[in-house]
Structures are given as C-alpha cells and as structure tokens.
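Visitor: One structure is given below, represented as structure tokens, and several questions about it will come after.
The values are calculated or read from the model by the stated rules, or taken from the named source; none is laboratory data. Since the model is a prediction, treat every value here as computed from it, not as a measurement. A quick note on method: Cβ atoms are made from the backbone with ideal geometry, for glycine too, and the neighbour counts reach across all protein chains shown. These accessible areas exclude ligands, DNA and RNA; they are computed on the full protein's heavy atoms, side chains included. Shrake-Rupley method; radii C 1.70, N 1.55, O 1.52, S 1.80 Å.
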Amino acid sequence: MDSKLRRMAILCSMAMILLVSLLVLYINRPPGSGGGGRTPQATQTPSPQEQADAGEQEELRAGQIGDDLSAFLRDNTFFDQEVNPILEAAKDNATRLSLVVTSVEKDLRIQIVDTRGNPVTGKSFFVELEGLGQYKDLDKDGIIYIGGLAAGEYYVELMPMEGYQVPANETRVRVKDKVEYVAIDDISLLIKTEEEINAEAEDTAVMDALEDADKTEIKNFQKSTANSKVGIDVSKWNGEIDWDRVQNAGVEFAIIRAGYRGSVTGSLVEDPYFKANMRGAAFSGIPVGVYFFTQAVNEVEAVEEASAVLQLIREYKLDYPVFIDTEGAGGNGRADNLDVETRTRICEAFCRTIVNAGYTAGVYASRNWYNHYLYANQLDNYCIWLAEYRSAPLYQGYYQMWQYTSKGSVDGIEGNVDMNVSYIPN
C-alpha cells in the first residue's frame, strides 16, 4: 500500500512539473505564432512608405535617448512656441530695441541699440522729440544727432519700425547748457575699427613740420642727459615693432597713437596697432603716453575725442601725457579751415576732459601751427609737444617735448620713425 501511494505521488509530481513547463512555453511563445496546431500565417512585407516611416520613427527614438545630438533638426515641433517657449523668448529679444541718449552741450545724441548694446544699422529709424517733431536716421548708422537745442528736459520716443519691438515708454533726457568736460559714458558705441571705414580716405594727417624743415635736421639717435630723455612716437604707419630690440637700442619712452577722427566722415577710429604697441611697450618696460589725431570741428566733438581716448587707455598705465594731435589733413579735412579761436577751444576742451579724468594732457603741433593756427599762450597749462625739424628750434614759446625728426632710425622698427626729446621730469 505504501509502495502504491509513493508511485502515485511521484506521478502526480511529474504531471505538475510538465503542466508548469507547458504553461511557461506558452507564455513566452514568439509574437504572432499560432496555437492549437494551426499553421502560422505568412508575414506581410511592409510598403516602402511604411518602411520609411518606421525608419524615421527609429531615428527619432535614437535621438531622444541621446545618441544623436542633431535629432532636434528633424523634429518639426522643436521650434514651436508651445514646445519651446525659451527659444521664442530669445527670438523676441533679438528684435527688441532701446535708446541710449546723451548730451554734451545743447544737443542730443540718440543711439538705437539692440539687446547687446550695439547700434542697429541699415534702417531709417525715426524718433519724436516732444514739442519739436520727428527726426530721421538718414545715414542708417543707428545714431541720430540733434544740435541747437535749448537746455532743459525733453522726452524722446522711438517710432514703430516693422520687424522690431520699440520701447513702450518715452525716454526722459536732460539737455546740458554748457560743456562739462567730462567723459561720455557710452562713447564706446561710436569707436570704429578700420575694417568699418575707408581708412585711405579718412586717415590723412599731413605733417606740417616737414614743410618747415631745413638742412640742419638731426636724424641720428640723440643721447639722453640728466634733464632729458630720448624717445619715439609710433602708429600703424610703423607696422609691427620688436619692442625688446627698441628698448635695447636705448629708447626711453614712446608716445603711441590711440586713434584718429576721420577727415571725411568724422568717425572715431582706433589705430589698428594701438593694442599691440601698448602691450609690446609695456612688456619691454618702456614708459608710454598716447596721442589722438583730431578732426573735431567744435568743443562737443573734442570731448568725444577725449572720451574715446579715455575708453581706449582704461586698461593701461601711462607715464607720459595724453596729447591731442592738431595738424592739417591735406587741405580737404573737415577741420582744416577752422579759425584760430575755434581750434584753440577744441584743444582746450580735449585737454580739460583728459585732466578731469585724472591724466596729464598735452597738445602736439608744428612751430608753424603754434604760431599761426593756435593761440598757444592759452594752452600753457598743458604739455606742449613741438614738432620742428632743425638742429635747434626757432619756436619762441615754452615746450616740454620736441619732435626733432621724422626720419630717425631705431633697431626693431622698419623704415623711418619719429624721434623726440622729452624734458618732462619723471
């Protein structure tokens, strides 16, 4: 009896194991396989369009799990506002405009800028000055200048322009009654590079001292004394300079051109070699000053020029003055025909702005220029840099620096270079 029961138990156990095995096999059968002894149906081949759709869905799935960084380009919903509001906000910002408005003396300079603070060019914007009417950006440079205004408060409104978002509210500004000889904060918006202008037409300074030179002009490198130092002045015309060799040659200082105002358009332009020359001189331990060739036609523009220089030199240490270079521009320059009083006021305005910013200021001109085109006695408060190419200057005024030749030679500079003697105490 016991033996029979054991056999029955074993048989039942084997039956249960078989049943469980069959159940597992059924659950894990391949998709689409039939049961109950039926013959499997033939697989239907997808159409070409279905295959393409399936491939595209597979690519999108692959991109969605991170192995295809360009997958979003194939997603037609990626740029939809509902799907990507951040991108839409960025597009909105790209067309948003604002106004930067400044006054120097009875004037307004209105600059239309984008969200990055850059002037928006290529469009004829209109602004409305409350009570005075509308003004247009005729040359499409993003700047509208209005002169001859009475001092006081004004409201400026930028008129709607298709494709742009203009400020919803008017801008309140104060027109100054008199020049305050302080740097213009937003002047950096006006400083251009030579890639943005016609440099051949704009950079046309003519050295008046050349016409006054005689056969006694000293071209050799002079020796310094207890009361004087020998140096050079350079600009883009001197090309790339090996400042270590210049320093080893005995040069004790350098006056470097920061930039110039264009003779035709009046653009403020940075000298393309300014940064390289400032850094090269500093690395070689040569003390520096700077100069700027003016074509200002009034005190307002003189303050602009001084402001541009202050912007350009903000990163550098100066041991010598900041000079305004006043000389002709070939007879056709915008400032060539100024009267003596106006030109003197321009030099004074430039220098006062520089001094008010904490620097030493000076004026560069030839003997002929000081004698006939400036009231030199009104500039005695500033460093006078005289250009006169002869063995001993004939100029009867007081001066602290003398440019004695434009035909000097210094190791490290190709071609001629201007040579100077400084009597400025250090």
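Visitor: Roll a 1.4 angstrom probe over the protein heavy atoms and tell me the percent of accessible area of the stretch 342-426 that is carbon or sulfur.
Guide: The value for the stretch 342-426 is 43 percent carbon and sulfur by accessible area.
Visitor: How much area per residue is accessible in the stretch 317-426 when the probe is 1.4 Å and only protein heavy atoms are counted (Å²)?
Guide: 42
Visitor: I would also like to ask the following. Of all the C-alpha pairs in the stretch 247-305, what % are more than 17 Å from each other?
Guide: 46
Visitor: What is the dipole size for the stretch 228-274, taken about its Cα centre, with +1 at each Lys and Arg Cβ and -1 at each Asp and Glu Cβ, in debye to the nearest 20?
Guide: 180
Visitor: Kirkwood hydrodynamic radius of the stretch 139-244 from all distinct Cα pairs, in Å?
Guide: Across the stretch 139-244, the inverse of the average 1/r is 20.8 Å.
Visitor: Cα-Cα pairs above 17 Å in the stretch 362-416: how many percent?
Guide: Here the long-distance tail beyond 17 Å is 40 percent of all Cα pairs in the stretch 362-416.
Visitor: State to the nearest 20 debye the size of the charge dipole of the stretch 212-298 about its Cα centre, where the only charges are +1 on K and R beta carbons and -1 on D and E beta carbons.
Guide: On the way: 10 positive and 10 negative charges, 18 e Å.
Here the stretch 212-298 has a charge dipole of around 80 debye.
Visitor: Sort all Cα-Cα distances of the stretch 275-352 into consecutive 10 angstrom bins from zero, then give the percent of pairs in each bin up to the one containing the longest distance.
Guide: All Cα pairs considered, the percentages come to 18, 44, 26, 11, 0.
Visitor: Let me check I have the definition right: for the stretch 187-268, take the eigenvalues of the Cα gyration tensor, multiply each by 5, take square roots. What are those semi-axes in whole Å, largest first?
Guide: Value: 30, 18, 12 Å, ordered largest first.
Visitor: Place the peptides 258-269, 408-419, 114-125, 176-187 in order of packing, highest mean first, counting for every residue the other Cβ atoms within 10 Å and averaging per peptide.
Guide: Packing order, densest peptide first, comes out as 258-269, 408-419, 176-187, 114-125.
Visitor: Next up: For the stretch 279-385, what's the relative contact order in percent, using C-alpha pairs closer than 8 Å and at least 6 residues apart?
Guide: Rounded, it is 29 percent for the stretch 279-385.
Visitor: Provide Rg and Dmax in Å for the stretch 334-426, with only Cα atoms included in the calculation.
Guide: Spelled out, the Cα radius of gyration and Dmax of the stretch 334-426 are 14.5, 42 Å.
Visitor: Further question on the same structure: Find the Cα radius of gyration of the stretch 220-330, compare it with 2.2 N^0.38 Å by division, and give the number to two decimals.
Guide: Working: Rg = 14.6 Å, N = 111, 2.2 N^0.38 = 13.2 Å.
Ratio of Cα Rg to 2.2 N^0.38 Å: 1.11.
Visitor: Let's test the formula: R0 of 45 Å, r as the Cβ-Cβ distance of R314 and K215. What FRET efficiency results, to the nearest 0.05?
Guide: It comes to 0.55.
Visitor: Expressed as a whole percentage, what fraction of the accessible surface of the stretch 267-325 belongs to carbon and sulfur atoms when a 1.4 Å probe is rolled over the protein heavy atoms?
Guide: Carbon-and-sulfur percentage of accessible area, whole number: 50.
Visitor: Exceeding 27 Å between C-alpha atoms, which entries from my cross-link table qualify? They are K106/K136; K223/K407; K140/K192.
Guide: Too far apart for the 27 Å limit: no listed pair.
Visitor: On to the next question. Dipole of the stretch 153-307, Cα-centred, from +1 at each Lys and Arg C-beta and -1 at each Asp and Glu C-beta, to the nearest 20 debye? Walk me through the numbers on the way to the answer.
Guide: Numbers: 15 positive and 30 negative charges, 159 e Å.
So the magnitude is around 760 debye.
Visitor: Related question: How large, in percent, is the carbon and sulfur part of the accessible surface of the stretch 131-183 at a probe radius of 1.4 Å?
Guide: 47
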